[in-house]
Amino acid sequence: MRALPKIPITKITAKGQTTVPREVRAALQAGPGDLLVWEVGPDGTATVRRLQPLDVEYLRALEGTLNEWASPADEEAYRDL
């Protein structure tokens with residue numbers, strides 16, 4: 001009989017914190033100071049991935065260019081998209 005794979009399980013504290021299991025940290029190649037992105041699907045499942053430093057730099061650069069389309073006229077024009 002084959003052994004079942006070990007599934008890491010953690011508990012959420014009263015402050016909403018949890019420990020990322022060693023196996024998961026290794027798979028994500030994540031360590032102290034790394035940022036994790038949590039994506040929740042419509043069915044309630046969650047996916048977690050390590051945020052690449054390039055992602056943060058790209059998003060910060062992009063953020064500064066988006067305010068030019070934030071007028072009330074833009075909101076009206078693109079409301080139904």
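The values are calculated or read from the model by the stated rules, or taken from the named source; none is laboratory data. Note that this is a predicted model, so its numbers are computed, not measured. Backbone-built Cβ (ideal geometry, glycine too); neighbour counts: all protein chains shown. Ligands, DNA and RNA are excluded from the accessible area calculation, which covers all protein heavy atoms including side chains. Shrake-Rupley method; radii C 1.70, N 1.55, O 1.52, S 1.80 Å.
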Problem set entry | Near pairs, Cβ below 7 angstrom, 6+ apart or cross-chain, from the stretch 48-68 (closer than 21 Å to Leu36 by Cβ) to any residue that is open to solvent by 100 Å² or more (accessible area, probe 1.4 Å) and not hydrophobic (A, V, I, L, M, F, W, C) | Arg50/Gln29
Exercise. Can you tell which of Val20, Val40 is under 24 Å from Ile7 (Cβ atoms) and within 13 Å of the chain's Cα centre (by Cα)?
Worked result: Val40
Seminar exercise, completed: Conditions (1) touching a strand residue (DSSP E or B) at 6+ places or on another chain (Cβ under 7 Å); (2) among the acidic types (Asp, Glu); (3) open to solvent by less than 80 Å² (accessible area, probe 1.4 Å) -> Asp74 fails only (1)
Exercise. Which residues, counting only those in the stretch 18-43, are β-branched (Val, Ile, Thr) and open to solvent by 70 Å² or more (accessible area, probe 1.4 Å)?
Worked result: Thr19, Val40
Exercise. For the stretch 32-43, what are the residues that are touching a strand residue (DSSP E or B) at 6+ places or on another chain (Cβ under 9 Å) and either among the small types (Gly, Ala, Ser) or part of a helix (DSSP H, G or I) (or both)?
Worked result: Gly41
For this session: Please find, within the stretch 1-17, the residue that is farthest from Ala27 (Cα to Cα) out of those that are open to solvent by less than 100 Å² (accessible area, probe 1.4 Å) and among the polar types (S, T, N, Q).
Result: Thr13
Exercise. Which of the residues spanning the stretch 44-61 are part of a helix (DSSP H, G or I) and either open to solvent by 60 Å² or more (accessible area, probe 1.4 Å) or touching a strand residue (DSSP E or B) at 6+ places or on another chain (Cβ under 9 Å) (or both)?
Worked result: Pro53, Leu54, Asp55, Glu57, Tyr58, Leu59, Arg60, Ala61
